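First up is the structure itself, then whatever we jot down about it.
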Amino acid sequence: MVNEQALEPFLESLKKIFEAMNAKYDEAASFYGFQCDGCDENCCKTLFYHHTHLEFFYLKKGMNRLPPETKKQVFKRAVEMATEAIQNADSEKEHPRIMCPANLKGRCVIYEYRPMICRLHGIPSEWSFPQKTGVNRAVISSGCEEFSRQCNKKEYFKFDRTPLYLKLSGLEKQLKEHFGLEKKIKMTVAQIITS
């Protein structure tokens, strides 16, 4: 069992990393003039997986700060999403487009506590990781469909996620060592909420 008081310094450090992610995203969005609001391909309908204990605990903290009625509503929606049908669709690599349980009336009710991909999705970006050969290989993301509609012809803004990922993975390593956490995580928001 993870002690909440001992967990808090890690979550405060994560908050700072997330603030840096938000600032970099805002810088890129401003460069492009990109407005992420109300598109039909809403990324809140995308089945994202989250892989860190940090995000798990941070999202749980956000859930615990919701008003009781809102928390109840989000939990109910999360239970509905964590159904056998979704699990089967996932195993078949067919990802259903279902609104995230934390999105109520078009807005994320745990916005301050949302996971990393929810903060960075949509804007073209790149990240690199060393290969066994010692050579870094860049992975480039083109951005979401709404970005393409609004900004496709604009010059590329170098949005390198690598330093942010390294900080997050370093903090995750410290957290796992501190609490003796060995199990890997691969969970949707719905699965985190209902666990």
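Readers should treat all values here as calculations from the given coordinates under stated rules, not as data from a laboratory. For clarity, every value in this text was computed on a predicted model and none was experimentally measured. Please note: Cβ atoms are built from the backbone with ideal geometry, for glycine as well, and neighbour counts cover all protein chains shown.
Given (1) 109; (2) 147; (3) 167, which label gives volume of the Cα convex hull per residue in Å³ as computed from the coordinates?
(2)
If we count other beta carbons within 10 Å of each Cβ, what is the order of C44, C108, C100, fewest first?
Numbers: C44 19, C108 16, C100 26.
Ascending number of Cβ neighbours within 10 Å: C108, C44, C100.
Would you grab the residues whose amide H sits under 5 Å from the one on S128? Only those 5+ places off in sequence or on another chain, please, with H modelled 1.01 Å from N.
V139, T162
Order these by the 10 Å Cβ neighbour count, fewest first: L171, L104. All intermediate terms of the calculation are to be shown ahead of the outcome.
Working: L171 19, L104 14.
By the 10 Å Cβ count, ascending: L104, L171.
Packing-wise, with mean Cβ within 10 Å as the measure, how do 181-194, 45-58 rank, highest first?
Values: 181-194: 16.6, 45-58: 19.4.
In decreasing order of mean packing, 181-194, 45-58 become 45-58, 181-194.
How much length is gained if the chain between A6 and C108 is pulled fully straight, taking 0.36 nm per residue apart and subtracting their Cα-Cα distance, in nm to one decimal? Don't skip to the answer; put the middle values down first.
Numbers: separation 102, 0.36 × 102 = 36.72 nm, distance 2.76 nm.
That works out to 34.0 nm of additional length.
Enumerate the amide H contacts of H50 below 5 Å, restricted to partners 5 or more residues apart or on another chain; note that Pro and chain-start residues carry no placed amide H.
Long-range HN contacts for H50: M187, T188.
What is the extension gain from E126 to C36, computed as 0.36 nm multiplied by their sequence separation minus the C-alpha to C-alpha distance, in nm to one decimal? Working shown, then result.
Details: separation 90, 0.36 × 90 = 32.40 nm, distance 1.93 nm.
Result for the pair: 30.5 nm of gain on full extension.
If you rank C36, C151, C118 by fewest surrounding Cβ atoms within 10 Å, what's the result?
Numbers: C36 16, C151 19, C118 24.
Least crowded to most crowded, the residues run C36, C151, C118.
What is the antiparallel percent of DSSP beta bridges lying wholly in the chain, to the nearest 5?
Values: 9 of 10 bridges.
Counting only bridges with both partners in the chain, antiparallel ones make up about 90 percent.
Could you name the lysines in cross-link range of K45, using Cα to Cα under 18 Å and dropping any fewer than eight places away on the same chain?
Excluding near neighbours in sequence, the set is K76, K93, K105, K186.
Can you figure out the FRET efficiency of S141 with E177, using R₀ = 25 Å and their beta-carbon distance, to the nearest 0.05?
Values: r = 30 Å, r/R0 = 1.21.
The computed FRET efficiency comes out at 0.25.
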